[in-house]
Amino acid sequence: MNKWMYVLIILALTSVALLLTWQVSTLAEVPTPESPGMVALGKLIFFDENLSANRTQSCATCHAAGVGFTGPDSITNAGGAVYQGALPHRFGNRKPPTAAYAGDSPVLHWDEAEGGWFGGMFWDGRATGAVLGDPLAEQAQGPFLNPLEQAMANPEVLCVRVKQAEYAGLFEEVWGAGSLDCAKDVIGTYERIGRSVAAYERSSEVNPFSSKFDLFWDRATAAGKDVTKIKCGMGGGMGGGMGGGAMGCPGGGTNGWASYRNLGLTDAELQGLAVFNDPNRADCASCHSLQPGPAGYPLFTDFGYDNLGIPKNPANPFYTMPKKWNPDGQNWLDYGLGGFLKSAGYAPEVYEPELGKFKVPTLRNVDLRPSPDTVKAYGHNGYFKSLDEIVFFYHWRAMMDNGCMGGGMGGNCGGMQDMFPPPEVDQNRTPLAMFPRPQVDNIVAFLKTLSDGYFQR
Ligand code: HEC
Ligand code: HEC
């Protein structure tokens, strides 16, 4: 037997011993993720700026409650839309998605029936969840040590900072005596930190389902109306529509939007929702799903991946980052899921069809902002600066892909081809459904009903 075999055997024995003592000492006390103590602890960690290289940055710096747990800074959002890390001149390369309503994303997997990848965390799914069995907890470990984010040297430094925090007592209360031991069990502690943050991110404080839409959903359900079936419906003098015709949205008939009146949404919002949901109109819900999630309300994502053909954001500071971080300079292309799968060692026939695809984000709180002049950015690189712009892009993209038919232009694109720059990645683009220009405003009106804080549960 060589010396490595001895080392391996000793390692195996010690881990069994450790596991046994751990089980006796703490396993009985492992709290459920819903425990109020763990949620409170996770919140304190989430907002603790001391948990970064120079004590200036917390999760909330890039995921602030007032803007729906995404980036709060108008100036940043209006430009590169990418946030500086704790250390100066260090930028990541994507816009922060919301950290709310993310807890139901499954472990990243290929779905044979759907023929696509689903789950995981991040725009490209690289926090797969395979290690901890929970993508959200696994994601929460990342930013502390990411050199372009909170930039701490290693899990031990993080552990020591948590030990120094005022809430160190609460940590041991929640996770048991000895659960915050930075000498003996750094990795275990690191995992408990991730799971605590995830518990907060899954709490009702972060996922209150308290939007105008949720109130409408409750009222519709009580009235025996199924919101997942709302559609444009037939003409028939219900008013408010754009008239009949294949591309109008008159709202009559069974499940036509007009039959959902008097439940809290305006006619414009109802029409927007109908166009959003109707497979014969914009069909947004085929990705931003209206099917209720585990809490009984829709999450507006199917956790899948698609390439919409969003252009590059030339103001992204990542283009000018040193070679160490960005070897491709100005030629850098964000390949999303396909890029991750390639780096994870998958074969070309697996990753090539996924190049340019990004995770379908939830649309909850997509408009939430402290004041009307706060700028928010949309898309993985924050190219779009308003909901009007991105929804108009969907309208335009579908028209261009369909040879400008149906848009009242008789097959003539009328010089509209160049309204947006070319896609960042032009492979694997998803065909989008057409809907008439005037419906852009109604869809935006509907998206604005997804902001939490409209009512108290
Ligand atoms: C410097 C800004 C920054 C900081 C600090 C930061 N994040 Fe993020 N966060 C981002 C960006 C950017 C992404 C998207 C990165 C990507 O997709 O490659 C992201 C992605 C996420 C996601 C994925 C959401 C989804 O649906 O895929 C979650 C959850 C999240 N962050 C939570 C956290 C937590 C918890 C912390 C603190 C431990 C944190 N973030 C700290 C910028 C930041
Ligand atoms: C084929 C699936 C699919 C369809 C259909 C679809 N989306 Fe999306 N949506 C996505 C993906 C994927 C992204 C992220 C793309 C990216 O960043 O490159 C996204 C991003 C968005 C965003 C930006 C959210 C954010 O936080 O940055 C909004 C708003 C949005 N979609 C609204 C809509 C509306 C409205 C419709 C219908 C007109 C629609 N989507 C149809 C998949 C889809």
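Selection of region 380-389 for residues being assigned to a loop (DSSP other than H, G, I, E, B) and away from ligand 1 (no atom under 16 Å from the Cβ) yields K385, S386. Among residues of region 128-156 that are touching a residue at least 60 places away in the same chain (Cβ under 8 Å) and assigned to a helix (DSSP H, G or I), none has a Cβ under 8 angstrom from a residue that is more than 16 Å from ligand 2 (Cβ to nearest atom) and among the aromatic types (F, W, Y) at a sequence gap of 6+ or on a separate chain.
Take the residues in region 87-126 that are acidic (D, E) and surrounded by fewer than 23 Cβ atoms within 10 Å (Cβ to Cβ); name whichever of them is farthest from the chain's Cα centre (by Cα). My answer is E112.
Scanning region 129-185 for residues that are among the polar types (S, T, N, Q), crowded, with 18+ Cβ neighbours inside 10 Å and within 13 Å of ligand 1 (Cβ to nearest atom) yields Q139, Q141, Q150.
All conditions but one from (1) in contact with a helix residue (DSSP H, G or I) (Cβ under 6 Å, 6 or more places away or on another chain); (2) within 12 Å of ligand 2 (Cβ to nearest atom) apply to V375; the one that does not is (2). If you check N277 against the conditions, is it within 25 Å of N365 (Cβ to Cβ) and in contact with a Gly (Cβ under 8 Å, 6 or more places away or on another chain)? No, not satisfied.
Return the residue satisfying two criteria in turn: it lies in region 296-349 and is of a type in the set (G, A, S) and within 16 Å of ligand 1 (Cβ to nearest atom), and of such residues it is surrounded by the most Cβ atoms within 10 Å (Cβ to Cβ). Among those that are of a type in the set (G, A, S) and within 16 Å of ligand 1 (Cβ to nearest atom), it is G336.
Bear in mind that the values in this text are calculations on the coordinates, not laboratory data. The shown structure was predicted, so the numbers you read here are calculated from the model rather than taken from an experiment. All Cβ positions, glycine included, derive from the backbone under ideal geometry; neighbour counts span all protein chains shown.
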